[in-house]
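Here the structure comes first, spelled out in structure tokens, and everything after it is commentary.
The values are calculated or read from the model by the stated rules, or taken from the named source; none is laboratory data. If you're wondering where the values come from, they're calculated on a predicted model, not measured in any experiment. Ideal geometry is used to build each Cβ from the backbone, glycine not excepted, and the neighbour counts take in all protein chains shown.
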């Protein structure tokens, strides 16, 4: 788990002679610390490292600018450079670092770098341990909700308390197994970790599972909406919001349902559980084995007729209901003459053997169509 640079700086500024020269830390997050003296060592950087360098090669402003550029292009999170007493960074260098939002620090040559790096490493390892514990707690909350001892204590010891609002999100990139897809998913993970503080995030089977808490829920919701607008290969579902740690599994289950329906039944890139309407009932109902019999009883004759005669009466009936049983609107939707449509609706009534416009029958048929939309997701 990365740590905000400003927090690292606050921890050591009073103990060591380290000074920030840029206007801020630019909300950078640090994943590790590393010593780099020249471009030969820079090739091993992964990104988000806080760089330490002795400064012995700082012989000109040109060298300094090139060095900063090299670290910036390697996505380093900042630079602490040793300066001899009486020497300062030039105004141009500081302005340039502010312009590219690259944190620049100085340390005196008698600063014990090894102690500073050790302290930073301790903080980073503590946060990594915290992240590991929280991810483990989230997995246990999802898959073993009845075993409270596996996750409640870990959540509470890391600031996730009963009574808080918890919401789970499920997200993936449709092109994950391509180079662009891998980059997109990695970028999303980095961005989410960057602007969300009270969250737990892990990846499983090419899918991101994210637990957001409190005001982070609305921030994440907005962030995903914006991301889906930029990249239509992203699909995401948001679960119900719960206020009990023991109910996090319900939030996950509902988020996964919403996510699954984005690709099948409700073709949108992002769905919240609240937007599912009747699908909340259909997907939450535990005895889904009754669905085939329910559909067979209501529409089985029409389904069989279509198969045997290569007709499309099921599609006509669904469109008819979607258009409030209006012959005129349905005929326009199907590009069909209203007299032809009236004949086909009459034929459908004949095949089914009951009045499709009675309220009870109409409701039953509409539910059947919703079940059939779910069929590929839940019965295959």
Quick check: is even one residue across the stretch 279-299 under 30 Å from residue 257 (Cβ atoms), surrounded by fewer than 16 Cβ atoms within 10 Å (Cβ to Cβ), outside the structural domain of residue 254 (by TED's automatic domain parsing) and at pLDDT 85 or above?
yes
Among the residues of the stretch 7-22 satisfying the criterion of being in a helix (DSSP H, G or I) and surrounded by fewer than 17 Cβ atoms within 10 Å (Cβ to Cβ), which is nearest to the chain's Cα centre (by Cα)?
7
All positions within the stretch 173-221 that are modelled with pLDDT of 85 or more and either in a helix (DSSP H, G or I) or surrounded by fewer than 17 Cβ atoms within 10 Å (Cβ to Cβ) (or both)
203, 204, 214, 215, 216, 217, 218, 219, 220, 221
Meets criteria (surrounded by fewer than 17 Cβ atoms within 10 Å (Cβ to Cβ) and either in the same structural domain as residue 277 (by TED's automatic domain parsing) or modelled with pLDDT of 90 or more (or both)) for residue 243
yes
For the subset of the stretch 45-101 comprising residues that are closer than 15 Å to residue 25 by Cβ and out of contact with any strand residue (DSSP E or B) (no Cβ under 8 Å at 6 or more places or on another chain), which member is surrounded by the fewest Cβ atoms within 10 Å (Cβ to Cβ)?
100
Go through the stretch 291-311 residue by residue and tally those that are farther than 11 Å from residue 348 by Cβ and either in contact with a strand residue (DSSP E or B) (Cβ under 8 Å, 6 or more places away or on another chain) or part of a loop (DSSP other than H, G, I, E, B) (or both).
1
Any residue at all in the stretch 247-261 that is modelled with pLDDT of 85 or more and over 26 Å from residue 188 (Cα atoms)?
yes
Within the stretch 222-232, identify whether any single residue is surrounded by 13 or more Cβ atoms within 10 Å (Cβ to Cβ) and either under 24 Å from residue 369 (Cβ atoms) or over 19 Å from the mean Cα position of the chain (by Cα) (or both), and answer yes or no.
no
Please specify each residue of the stretch 199-216 satisfying the condition of being more than 11 Å from the chain's Cα centre (by Cα) and closer than 22 Å to residue 137 by Cβ.
204, 205, 213, 214, 215, 216
